[in-house]
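Each remark here refers to the structure printed beneath this line.
Read the figures in this text as sums done on the coordinates, not as results from a lab. Quantities reported herein were computed from a predicted structural model and do not represent experimental measurements.
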């Protein structure tokens, strides 16, 4: 077998195996159901590219001599897989940035239109040679029109990078900024691949750099989620326990700590009527509302689990009753304002709290706040039962 072919394919085999390991590690801890699906689809398109790229190398080096149309079809799948991978990247990042329009039908249609047009042109090129052609020697060649494909691909990469930069500037969270900065790495890797791919024709530069981007993304998310909830980007329960334990060590009559437990009312009905993706979206919307409220007072917020959330703050000049009333009023008003984003339903939340004047066990604090929460939740169900 051609030695150059072995040198070309062996790195791709390693990339395939490592990407498969990443795929097997992708689960709901990475993000919402839709985000997980988009990330998996991105990896599947990478597999398609590796397989077709290995076949391209065998054709170019004369190891196999397929017919004209088989050669063109394999190369068509290869270039289409790159474009599809760029589209899934765009979709994944838009979801991670919690773009309000990402789930709207018009946005879905418009975002899919460029890749659909490219697919049509690529398939037609098997017979016409518009975007690419197979010459008389059986070698693949781009045409001048192939620049359209490049523009579409880079569009799907540059738009998320621009949105990530905007989110980076607006965010005050170091963890969020790290995530947003990592999305810009994809642009750097893509440009690097474009510059060196032509100079190293018989080296799998693009395959290796695509895997590097997937690996950096996955490792970043895995590391971030040690303390951050994947779906809502709030602090997770592990971080909550550490923070509350530290605050309770210094709790006193002068520095009382108030702990709120919150639960979305009738959350199960959202999943039952609209599906789990809609449920995930409702959780993200509520977490955004909670972020905006907590940001005004510097309170600590976390996703406790499921549709339960926690807010920790110092009472300072507030009384517990006033703080509670103020928080519930703000939540109610802001949830009404985002009604259109939740299938026309107005989310509501039950809130319970407890006040700590001395060091206590964290679980006892949560249990105390939970008791008030579920007392109020029963009252809400009673008042809203048909």
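Computing Rg and the Kirkwood Rh from the Cα coordinates of segment 237-384 gives a ratio, Rg/Rh, of 0.97.
Helix-only mean residue ellipticity at 222 nm, the chain, DSSP H runs n ≥ 4 weighted -39,500 (n - 2.57), per residue, nearest 500. What is it? Write out the running numbers ahead of the final one.
Details: 12 runs with 256 residues, N = 386.
Dividing the helical sum by the residues of the chain leaves -23000 deg cm²/dmol.
I'd like the Kirkwood hydrodynamic radius of the chain, using the inverse of the mean 1/r over distinct C-alpha pairs, in Å.
Result for the chain, one decimal place: 23.7 Å.
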